[in-house]
Amino acid sequence: QVQLVESGGGLVQPGGSLRLSCAASGSRFSINAMGWYRQVPGKERELVASITSYSRTNYADSVKGRFTISRDNPKNTVYLQMNSLKPEDTAVYYCNSVPVGTSWGQGTQVSVSS
């Protein structure tokens, strides 16, 4: 069973930046497409960025141009660089494979507020 541990969230002012990390266990990490998802209370979890095993990326329109997903296969880690953050980016952020293939981690809270 792959385990996922997200970190790097926090409270930031609008326009600020954060870098999230997701450490994954499991020998099949490098062949999986991975993604960052986010969820706010009362709404469904949404995929905001994904990256294939050969580093092709895709982004939701709401974050395009502001977020950058990357991966380090030897370290079994996926990153999400978030710039120009907006209050509507406030959510709990999770990583998982795309499509979802394992249990969710605890997530990391991102709060954007002045």
**Prompt:** Among all residue pairs at least 6 apart or on different chains, which show Cβ distances below 6 Å where the first residue, located in the stretch 10-34, is assigned to a strand (DSSP E or B) and the second is of a type in the set (Gly, Ala, Ser)?
**Reply:** Leu11/Ser111; Arg19/Gly8; Leu20/Gly8; Ser21/Ser7; Ser21/Gly8; Met34/Ser97
**Asked** Within the stretch 80-102, how many residues are modelled with pLDDT under 95 and either β-branched (Val, Ile, Thr) or more than 13 Å from Tyr37 (Cβ to Cβ) (or both)?
**Response** 3
**Prompt:** How many of the residues making up the stretch 58-102 are open to solvent by less than 30 Å² (accessible area, probe 1.4 Å), of a type in the set (Gly, Ala, Ser) and either closer than 25 Å to Ser114 by Cα or not in a strand (DSSP E or B) (or both)?
**Reply:** 2
**Prompt:** Ala49 fails exactly one of the following numbered conditions: (1) at negative phi; (2) open to solvent by 10 Å² or more (accessible area, probe 1.4 Å); (3) small (Gly, Ala, Ser). What is the number of that condition?
**Reply:** (2)
**Prompt:** What are the pairs, 6+ residues apart or on separate chains, where a residue within the stretch 62-73 that is closer than 26 Å to Ile31 by Cβ and in contact (Cβ under 8 Å) with a residue 24 or more places away in the chain has its Cβ under 8 Å from a residue that is part of a helix (DSSP H, G or I) and open to solvent by 40 Å² or more (accessible area, probe 1.4 Å)?
**Reply:** Asn73/Ser30
**Request:** Determine whether Ser114 is in a loop (DSSP other than H, G, I, E, B) and surrounded by fewer than 16 Cβ atoms within 10 Å (Cβ to Cβ).
**Result:** yes
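The values are calculated or read from the model by the stated rules, or taken from the named source; none is laboratory data. Please read all numbers here as calculations on a predicted model, not as lab measurements. Cβ coordinates were reconstructed from backbone atoms using ideal geometry, including for glycine residues, and neighbour counts include every protein chain displayed. For accessibility, only protein heavy atoms count, side chains too; no ligands or nucleic acids. Shrake-Rupley method; radii C 1.70, N 1.55, O 1.52, S 1.80 Å.
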